[in-house]
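This is the structure I have questions about; it appears just below.
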Amino acid sequence: MAQHYDTIILGAGPGGMTAATYASRANLSVLMIDRGIYGGQMNNTAEVENYPGFSSVLGPDLAEKMYQSSTQFGAEYAFGTVLHVQAQEDGSWRVVTDMDEYTTNTVIVATGSDYKKLAVPGEDQYSGRGVSYCAVCDGAFFRGQHVIVVGGGDSAVEEATYLAGLADKVTVFHRRDKLRAQQILQERAFANEKIEFVWNTEVEEILGDDKKVTGVRVHNNVTDEVYTVDAAGVFIYVGVLPVSDVVADLGITNDQGWIKTNERMETSLPGIYALGDVREKELRQITTAVGDAAIAGQNVFSYNENFKLQQQKKIAEA
């Protein structure tokens, strides 16, 4: 028989790990499932400066601290890719991975989001060969060279500043005439002599020599000028997409794939909760994921208490 848990958490990022802490501390049996290392995108973040209790902390270090906290009350962690989440006749849920199968009274979807692609020629061809979505992961390969950053949000500006500590020059192409990033991040980037901003300009093609990136072809959407720029690397930060395919058939997402919940982190399906970056909301940060998770962790405890009472009642009446 499939192993049974009170709650199974899909994803072991900051939200998933915090939910595991709350649920297991309430004496629930908890399993976290993730297809990668615990911590999620925190492992790709050089420094976290807006998490309470730390003036600055390395993303991987914060991930390790959270993991130790999340497992101290007995929560388990399993590696695997979730394939299906299926309703059971008794109101519980079956979770099928590429490694195993489990049953659970409650599911917390904490699968997060993923980087959005430019969808231009050369992007897929040169992915891992000059095209990157993670400056912390790949920035060291471009020491002393010219790199390009595409985007204008927090991630783009923060990673451009990080890359400026490694590269000889960083050029940021943004399709608008002003940034969307937080003011403090903008001020740091504008003050950095290694960073140049090019406004109203979009990358139309990533160029290469069949082995690696050699530059980009860009289009100025105001002057209509098209020209090429030489560069050794292209770092893309143009938004995120929800990682919600595994629950797409459950009818709990909006038309863009974000999961809809109420303030209790409940979806429209009994026993299914969602939190963090995969949820339909305005701000996606480590702190907001942790806040969502505290609420979800507490509410799955209440749900489990009621679920178990109902199951006992059915058995008594049978």
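The values are calculated or read from the model by the stated rules, or taken from the named source; none is laboratory data. This is a predicted model, so every value here is computed, not measured. Here the Cβ is made from the backbone with ideal geometry for all residues, glycine too, and neighbour counts use every protein chain on show. Only protein heavy atoms, including side chains, enter the accessible area calculation; ligands, DNA and RNA are left aside. Shrake-Rupley method; radii C 1.70, N 1.55, O 1.52, S 1.80 Å.
Hey, of (i) 120; (ii) 130; (iii) 142, which did the structure itself give for volume of the Cα convex hull per residue in Å³ when calculated?
Evaluating volume of the Cα convex hull per residue in Å³ on these atoms matches (iii).
Add -39500 (n - 2.57) for each DSSP H run of 4 or more in the chain, then divide by its residues: what number comes out at 222 nm, to the nearest 500 deg cm²/dmol?
Taken over the chain, the calculation gives -8000 deg cm²/dmol.
Figure the gain on full extension for residue 100 and residue 255 (residue separation times 0.36 nm, minus the Cα-Cα span) and round it to one decimal in nm.
Details: separation 155, 0.36 × 155 = 55.80 nm, distance 3.03 nm.
Here the answer is 52.8 nm.
Name the shape class, rounded, prolate or oblate, that the alpha-carbon gyration tensor gives for the range 1-126, where a ≥ b ≥ c are the square roots of its eigenvalues, rounded holds for a/c under 1.5, and otherwise prolate holds if a/b is larger than b/c and oblate otherwise.
Because a/c hits 1.5 or more and a/b fails to exceed b/c, the range 1-126 counts as oblate.
By the gyration tensor of its Cα atoms, with a ≥ b ≥ c the square roots of the eigenvalues, what is the shape of the range 9-81: rounded for a/c under 1.5, prolate for a/b over b/c, or oblate?
oblate
Would you mind working out the magnitude of the charge dipole of the chain relative to its Cα centre, with +1 at each Lys and Arg C-beta and -1 at each Asp and Glu C-beta, to the nearest 20 Debye?
So the magnitude is around 480 debye.
Sort 267, 287 by heavy-atom solvent-accessible area, probe 1.4 angstrom, most to least.
287, 267
Considering only protein heavy atoms, with the full assembly of protein chains and a 1.4 angstrom probe, order 171, 288 by accessible area, largest first.
Numbers: 171 5, 288 35 Å².
I get 288, 171, largest accessible area first.
Stretch residue 305-residue 283 to full length: gain in nm at 0.36 nm per residue minus the Cα-Cα span?
4.8 nm
Where does each of 19-27, 291-299 land if you order them by average Cβ count within 10 Å, highest first?
19-27, 291-299
Putting +1 on Lys and Arg Cβ atoms and -1 on Asp and Glu Cβ atoms, find which of 46, 106, 31 reaches farthest to the positive end of the dipole of the range 30-153.
46
Could you work out how much longer the chain between residue 117 and residue 184 gets when fully extended? Use 0.36 nm per residue separation minus the Cα distance between them, nm to one decimal.
Answer, rounded to one decimal: 21.5 nm.
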